[in-house]
Amino acid sequence: MPVPPGSRTSTDPAHLDAQRQLDRQGGAAELAAMYDRLLAVVATRPGTRVVRTEHGRADEAYRRLLACLT
């Protein structure tokens, strides 16, 4: 799982805090492992819907969310 663009170079306090927390918890490798564990849980719940999103495409993500709710 790649690190989102700008996470390491941002001056936004929220981004800096998120990066510090990520670093404390094991970095990108641990985040990827956590994501894999989440997908394993989702696989055991057949009614779960996953809304896939892409950085910078909030409108598309919102449309996908609405599609899951209707």
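Quick notes
- Cβ-Cβ under 6 Å pairs, at least 6 apart or on other chains, the range 48-70 side within 20 Å of LEU38 (Cβ to Cβ), far side of a type in the set (D, E, K, R) and assigned to a helix (DSSP H, G or I): VAL51/ARG64
- Comparison of LEU38, LEU31, LEU16 shows that the only residue that is closer than 30 Å to CYS68 by Cβ, at pLDDT 90 or above and surrounded by 12 or more Cβ atoms within 10 Å (Cβ to Cβ) is LEU31.
- Number of positions in the range 38-53 that are more than 13 Å from the chain's Cα centre (by Cα) and not β-branched (Val, Ile, Thr): 6
The values are calculated or read from the model by the stated rules, or taken from the named source; none is laboratory data. What you are looking at is a predicted structure, and each value in this text was computed from that prediction instead of being measured. Note that we place each Cβ from the backbone using ideal geometry, even for glycine, and neighbour counts take in every protein chain shown.
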